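S.K.: First the structure, which I've put down as structure tokens, then a few questions once you've had a look.
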Amino acid sequence: MEIPSKYDPTAIESKWYSYWLEQKFFRSVPDEREPYTIVIPPPNVTGVLHMGHMLNNTIQDVLVRRARMQGKNACWVPGTDHASIATEAKVVAKLKEEGIEKSSLSRDEFLAHAWEWKEKHGGIILEQLKKLGASCDWDRTCFTMDEARYDSVINVFIDLYNKGLIYRGVRMVNWDPKALTALSDEEVIYKEVQSKLYYVRYHVEGTEDEWVTIATTRPETILGDTAVCYHPEDDRFKHLTGKRVLVPLLNRSIPMISDEYVDREFGTGCLKITPAHDVNDYMIGQKYNLETIDIFNDNGTLSSKAQLYVGEDRFDVRKKIVHELKAAGHIVKIEDYVNKVGYSERTDEVIEPKLSMQWFLRMPELAKPALDVVMNDTVKFHPDKFKNTYRYWMENVRDWCISRQLWWGQRIPAYYLPTGQVVVAKSADEAVEIARKQFNKPELQAGDLRQDEDVLDTWFSSWLWPISVFDGIRYPDNEDIKYYYPTNDLITAPEILFFWVARMIMAGLEYPKEIPFRHVYLTGIVRDKIGRKMSKSLGNSPDPIHLMEKYGADGVRVGMLLTSPAGNDLPFDEVLCEQGRNFSNKVWNALRLVKGWKVDENLPQPDYAAASVKWFDARWNETLASIDSLYNDYRLSEVLMTVYKLTWDDFCSWYLEMIKPGFQQPMDKTTYDATISFFEELMQLMHPFMPFITEEIWHRLRDRQENDCIMVSQLPGQREYNPAMLEKFAIAEEVVMALRTIRKEKNISFKEKIGLFIRKNNNEQPDLTFDSVVEKLCNLEPIQYVDEKVSGALSFIIKSTEFYVPLGHQLDTEAEITKLTQELEYTRGFLKTVMVKLSNERFVANAKPEVVEIERKKQADAESRIKVLEEQIAALK
């Protein structure tokens, strides 16, 4: 096949992805092999690919492709999350554009629109992942609202309810007035904002001119006040014991109470108590049996119980009530104040604490075992610094509010009798059977029952994901769950450590009674080059599809992983993708070079080629050991950089130059075959990171059978090698670099042969291993070994060996003395630092013997070098 001069990723990526799918290379079914399993963190069905998805899924694909090439039965399960709040908001917005209000539809009619929207838009992100090269088993694609997952969620709800872990009660919840639903604590984002602190005075009832002043950031909630509280040890207010004050503007009489909860240093030391709209006030209200006045409607407007500003938005009321309070003489002063305000993670709406009847899951007894398995490394975090964050969450866990006031989601399987009693069951028919027996009401019919209107929190389906994708809730002994569970690795973001990771561990320990995964790799946040988190609102997030069109999927994958250590943020710059594309081009050009060589089967292998092959084999094997160790530590960026350097520096820049035949000269078959094998093995190491170009090159290196693809090839193992070859070549490399510098500085054409004389010291014997390589790379006359210094020559020293390049009349003696003197001063300084270490008795006594030996070797080399330099300077003077 003729190799195009330029690598075109577009056609190649499409060709190979289609071929892999046709050959069912991504498909996994249980067999006798060791399984390797990853479940995708299901992206929202509303979503399109962003840079965070790119990073996360590239890492997953690297791990899955490597496992597949290790001979494991690799299974990567894809899917999407129904995303209750986000999806319902999208559907409501779409309906509004069509002039339809949600309130005008029945539940079933609305859900029909939602399913239609999901079918039209829900698969976009998965199709985009295919462009990235994601090798998921697409036949296993799951959706958190499909039949198996839906039923699993309902089964778990019923089971936990029957175990007494799920209960219903009135609690203070985080209310989202835009989405019109309760949120769990973890779905609230706290932001530091510039607010105002309003000092408002309340008239003490029955006095002529006595007032009590409180400080609040929310003056609109005054309309729901039912007490004013002070600290029992605060002498300023003890005289008010048993007194009452009047709520400003309403003149409603409320009691003065005392409680140790009050912070005497904050504001005035007096606190207004609004039990319906602050979680701490609610607790005080419960303690003192205070009236609860809910002044807000669900949408954040004021209710009739507020008496004033009914139907107006809470933030408009804040401005109006301050104006009225001022006019009535109730405002003492207003200060600037910085405080933290809770916002809905989904809608970015300011959260309203609200008393509401909700369903809750008791967490403490589920949290304890889930904490233990992380702290004892049964489940390992990478990096493990996140264990402390995890422990804090788990030790301070609160009951999980699992009900949401939405229609899109798994509807809570609770049924209410006309008398208000509740039965939990899979269906109305099941519920009525239970109710007849439980409440002794044989006359009950299914039509008499009313099902709860709410749905379950989206995370209540996501927490079952590693189990439910294998249908392990409904069929706990099925072949898939027994083979693939627990999964191996979970790749996710630290910000959902509690939202998702902790809860999956809880669910795993509660149901299969086993951890859901063995390792958790926590990615960092993708930031722009000035450190800002990438987001649509900032406009600093590039379109991943556009990046892949510009740089190729392989180029973008490399760009994402070059600077992405686990747990640390990724400072993304498009230049990294360009670097990835350039790497593709470098490898492609290497292919064109190698496949362009003519091979003579009768040609003997030259010495320089034999030495080069042995060196690269040693280098490859040494690097492979390092790569395996880095993979085991989940240091994937370092794996990539190691493969990158082995390919670009060692293979392309050194090895191919070392073996390249002369212009229009043939190559011997032994060297050529070794080179093709090295190229193949490099492509195998590179394949998890760059699947497309490596597959293309794999098929161009040799003729292949139909199924002989790199992605299902067996990764090469480590071979025995001679480490001494690496030490010897390191010296040869220094010699080559020094000779190239001399040519450059003296403006000597490469076409002009130069001589090289080598003088060994300390009774060392010449090592000729790489002499032929040095002669070839530097266009030398045959290297000569001498016993005496060479006059009229430029010189350099490596360790204690002297190298001379005769220049005759071109030698500038003064310049040479200056250069050698500088080298001498540097070496003396280096020896001084080594001697400081070796003269430190604590260092010598406590350091490992091999570390001390390295320092002694440095001392000996420096002393030899100093002696040689002094002799050379003396000879030139």
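The values are calculated or read from the model by the stated rules, or taken from the named source; none is laboratory data. The structure presented is a predicted model; accordingly, all values stated were derived computationally and were not measured. Methodologically, a virtual Cβ is constructed for each residue, glycine included, from the backbone with ideal geometry; neighbour enumeration extends over all protein chains shown. These area figures cover heavy atoms from the full protein model, side chains too; ligands, DNA and RNA do not enter into them. Shrake-Rupley method; radii C 1.70, N 1.55, O 1.52, S 1.80 Å.
S.K.: If you take every residue apart from LEU831 with its C-beta less than 15 Å away from the C-beta of LEU831, what net charge results, scoring Lys and Arg +1 and Asp and Glu -1?
M.R.: Overall, the nearby charge balance is +3.
S.K.: Working from Cα positions, state the angle (0 to 90°, nearest 10) between the long axis of helix 107-121 and the longest principal axis of the chain.
M.R.: That helix lies at roughly 10 degrees to the long axis.
S.K.: Roughly how many Å² of ILE866 are accessible to a 1.4 Å probe, to the nearest 10?
M.R.: 20
S.K.: Please give the FRET efficiency for LYS243 paired with GLU147, using the beta carbon to beta carbon distance and R0 = 45 Å, rounded to the nearest 0.05.
M.R.: The computed FRET efficiency comes out at 0.10.
S.K.: Taking a temperature of 25 °C and a viscosity of 0.890 mPa s, what whole-number D in µm²/s does Stokes-Einstein yield for the range 78-162 with Rh from Kirkwood over alpha carbon pairs?
M.R.: Approximately 164 µm²/s, per Stokes-Einstein.
S.K.: Per residue of the range 326-338, what does 6.51 cos²θ - 1.76 cosθ + 1.60 with θ = phi - 60° give for ³J(HN,Hα)? Whole Hz please, x for Gly and Pro, Karplus curve as stated.
M.R.: 4, 4, 8, x, 9, 8, 8, 6, 10, 10, 5, 8, 9
S.K.: Rounded to the nearest 20 Debye, what is the dipole magnitude of the chain about its Cα centre when Lys and Arg each give +1 and Asp and Glu each give -1 at the C-beta?
M.R.: 880
S.K.: Kindly provide the trypsin sites (Lys or Arg not before Pro) of the range 682-721 that DSSP labels as loop, not H, G, I, E or B, and whose Cβ sees at most 15 other Cβ atoms within 10 Å.
M.R.: When the trypsin sites (Lys or Arg not before Pro) of the range 682-721 are filtered for loop state and at most 15 Cβ neighbours within 10 Å, ARG702, ARG704, ARG719 remain.
S.K.: Give me a comma-separated list of calculated 3J(HN,Hα) values for the range 861-866, in order, Karplus coefficients 6.51, -1.76, 1.60 applied at θ = phi - 60°, integers in Hz, x for any Gly or Pro.
M.R.: Values per residue, Gly and Pro as x: 4, 5, 5, 5, 5, 4 Hz.
S.K.: Taking only pairs that are 8 or more places apart or on different chains, how many Lys pairs in the range 726-850 have Cα atoms under 20 angstrom apart?
M.R.: 17
S.K.: If you rank ASP225, ASP812 by how much accessible surface each has, with a 1.4 Å probe, what is the order from largest down?
M.R.: Of ASP225, ASP812, the descending order of accessible area is ASP812, ASP225.
S.K.: Can I ask one more? With a 1.4 Å probe and all protein chains kept in place, how much accessible area does MET548 have, in Å² rounded to the nearest 10?
M.R.: Its heavy atoms expose roughly 20 Å² to the probe.
S.K.: Could you check how many percent of all C-alpha pairs in the range 467-622 are farther apart than 25 Å?
M.R.: The share of Cα pairs beyond 25 Å in the range 467-622 comes to 59 percent.
S.K.: Loop-only check: which chymotrypsin sites (Phe, Trp or Tyr not before Pro) in the range 747-784 are DSSP coil with at most 16 other Cβ within 10 angstrom?
M.R.: When the chymotrypsin sites (Phe, Trp or Tyr not before Pro) of the range 747-784 are filtered for loop state and at most 16 Cβ neighbours within 10 Å, PHE750 remain.
S.K.: OK, next. Run the helix sum for the chain: -39,500 (n - 2.57) per DSSP H stretch of 4+ residues, divided by residue count, reported at 222 nm to the nearest 500 deg cm²/dmol.
M.R.: Counting only the DSSP helices, I get -13000 deg cm²/dmol.
S.K.: Would you mind counting up the charge near PRO232? Only other residues with Cβ under 11 Å from its Cβ, with Lys and Arg at +1 and Asp and Glu at -1.
M.R.: -3
S.K.: Here is a further query. Be a star and scan the range 304-342 for residues whose amide nitrogen sits under 20 Å from the point 7 Å along the Cα-to-Cβ vector of TRP211.
M.R.: 319-336
S.K.: Could you tell me the relative contact order of the chain? Use alpha-carbon pairs under 8 Å, at least six residues apart, and round to a whole percent.
M.R.: It rounds to 12 percent for the chain.
S.K.: Something else: Quick query: amide H of VAL520 versus all other amide H atoms, modeled in the peptide plane; which residues come in under 5 Å with a sequence gap of 5 or more or a different chain?
M.R.: Placed amide hydrogens put LYS380, PHE381, HIS382, LEU490 under 5 Å from VAL520.
S.K.: Could you give me the percent of Cα pairs per 5 Å distance bin for the range 115-156, shortest bin first, beginning at zero and ending with the bin that holds the maximum distance?
M.R.: 5, 18, 22, 21, 18, 11, 3, 1
S.K.: Rounded, prolate or oblate: which fits the range 703-847 when a ≥ b ≥ c are the square roots of the eigenvalues of the alpha-carbon gyration tensor, with rounded for a/c under 1.5 and prolate only if a/b beats b/c?
M.R.: Cα axes put the range 703-847 in the oblate bin.
S.K.: When the solvent-accessible surface of protein heavy atoms is calculated with a 1.4 angstrom probe, in what order do ILE331, ILE710 fall, highest first?
M.R.: Ranking ILE331, ILE710 by accessible area, largest first, yields ILE331, ILE710.
S.K.: Let me ask something additional. Hey, any idea what % of the range 147-198's accessible area is carbon plus sulfur with a 1.4 Å probe?
M.R.: 46
S.K.: Something else: Can you give the extra length, in nm with one decimal, that the chain gains between ASP313 and ARG33 once fully stretched, where that is 0.36 nm per residue apart less the Cα-Cα distance?
M.R.: 94.5 nm is the gain from fully extending ASP313 to ARG33.
S.K.: Let me ask something else about it. Which length gain, in nm to one decimal place, applies between VAL279 and ASN722 when the Cα-Cα distance is subtracted from 0.36 nm times their residue separation?
M.R.: Full extension of this stretch gives 152.5 nm more.
S.K.: Shifting gears a bit: Students often get this wrong: which residues of the range 279-315 have the backbone nitrogen under 19 Å from the point 7 angstrom along Cα-to-C-beta of ARG450?
M.R.: Of the residues in the range 279-315, 298 have backbone N under 19 Å from the label point off ARG450.
S.K.: Could I ask something else about it? Where the Cα atoms of the range 94-144 are projected onto their three principal axes, how long is each span, largest first, in whole Å?
M.R.: In descending order, the Cα extents are 44, 20, 11 Å.
S.K.: Give a residue-ordered list of calculated ³J(HN,Hα) values for the range 549-556 (Karplus: 6.51 cos²θ - 1.76 cosθ + 1.60, θ = phi - 60°; whole Hz; x for Gly, Pro).
M.R.: Whole-Hz 3J(HN,Hα) from phi for the range 549-556: 5, 7, 10, x, 4, 4, x, 6.
S.K.: In the range 96-123, whose amide N lies under 17 Å from the spot 7 Å out along Cα-to-Cβ of TYR416? List them in ranges.
M.R.: 107
S.K.: Could you compute the FRET efficiency for ASP787 and GLU622, with r as their C-beta to C-beta distance and R0 at 51 Å, rounded to 0.05?
M.R.: 0.90
S.K.: Another question, then. I'd like the accessible area for TYR36: 1.4 Å probe, protein heavy atoms, all chains in place, Å² to the nearest 10.
M.R.: Approximately 10 Å² for this residue.
S.K.: If you don't mind, another one. Treating the angle as unsigned and between 0 and 90°, give the value, to the nearest 10°, between the Cα long axis of helix 428-438 and the longest Cα principal axis of the chain.
M.R.: 60
S.K.: For the range 200-238, which trypsin sites (Lys or Arg not before Pro) pass both filters: DSSP loop (anything but H, G, I, E, B) and at most 14 other C-beta atoms within 10 Å?
M.R.: The qualifying sites are ARG236.
S.K.: Tell me which label goes with the value of Cα extents along the principal axes in Å computed from the coordinates here: (i) 116, 76, 53; (ii) 115, 67, 53; (iii) 91, 81, 50.
M.R.: Of the listed options (i) 116, 76, 53; (ii) 115, 67, 53; (iii) 91, 81, 50, (ii) comes from this structure.
S.K.: Here's another thing I want to ask about it. In degrees from 0 to 90, rounded to the nearest 10, what is the angle of the helix 636-645 Cα long axis to the longest principal axis of the chain?
M.R.: Value to nearest ten degrees: 20.
S.K.: Now for a different question. In cubic angstrom, how much convex hull volume per residue do the alpha carbon atoms of the range 589-635 span?
M.R.: Measuring per residue, one finds 107 Å³ for the Cα hull of the range 589-635.
S.K.: Provide the FRET efficiency to the nearest 0.05 for the LYS867-ASN568 pair, computing r from the beta carbons and using R0 = 60 Å.
M.R.: For R0 = 60 Å, the calculated efficiency reads 0.80.
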